Amino acid sequence: MIVWDRVIALKPDPLPRGKLRKGGQDMRVLRGLEIGERIRIQGMTGVVVALISEGKFAPDYPAEAWAYLEAGILVDTDEAGLIHYADLDDITIEKIR
């Protein structure tokens, strides 16, 4: 993934075209996004609590409880609570400083 000033774009998949990992889901790495960061995503503001594809989880969101999702991120949003974003294609993520 490539991180431009405030927009995160997915890094091209290193696997040959059509090859997916783990249960058929694309396991792209979310570079530049960290646990605990405040972000704006799809009109909502929240904190990143899990980078599932990378195996990174906030202490209050243990891997044992959420790793079954296999891909994407978990964001604890101010507006709607916890949301799992499984597919980040065509979604703009803005870091809030």
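The values are calculated or read from the model by the stated rules, or taken from the named source; none is laboratory data. Values in this document were obtained by computation on a predicted structure and should not be read as measured data. Here Cβ is always computed from backbone atoms with ideal geometry, including for glycine, and neighbour counts include all displayed protein chains.
The table below lists the values:
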{"read-out": "Residue count for segment 67-84, restricted to those that are within 17 Å of Gly32 (Cα to Cα) and in contact with a Leu (Cβ under 8 Å, 6 or more places away or on another chain)", "value": "4"}
{"read-out": "Residue list for segment 41-59, restricted to those being at pLDDT 95 or above and surrounded by fewer than 13 Cβ atoms within 10 Å (Cβ to Cβ)", "value": "Pro59"}
{"read-out": "Restricting segment 52-66 to residues that are touching a Phe, Trp or Tyr at 6+ places or on another chain (Cβ under 8 Å) and of a type in the set (A, V, I, L, M), the residue that is nearest to Gly32 (Cα to Cα)", "value": "Ile52"}
{"read-out": "Count - residues of segment 60-90 that are modelled with pLDDT of 90 or more, within 11 Å of the chain's Cα centre (by Cα), over 15 Å from Val47 (Cβ atoms) and hydrophobic (A, V, I, L, M, F, W, C)", "value": "2"}
{"read-out": "Number of positions in segment 62-97 that are surrounded by 15 or more Cβ atoms within 10 Å (Cβ to Cβ) and not hydrophobic (A, V, I, L, M, F, W, C)", "value": "6"}
{"read-out": "Counted residues, segment 29-62 - those being touching a residue at least 40 places away in the same chain (Cβ under 8 Å) and either polar (S, T, N, Q) or farther than 17 Å from Leu88 by Cα (or both)", "value": "2"}
{"read-out": "Any hit, segment 69-80, residues being at negative phi, in contact (Cβ under 8 Å) with a residue 12 or more places away in the chain, small (Gly, Ala, Ser) and not in a loop (DSSP other than H, G, I, E, B)", "value": "no"}
{"read-out": "Selection within segment 81-97 - on the phi > 0 side of the Ramachandran plot and in a loop (DSSP other than H, G, I, E, B)", "value": "Asp90"}
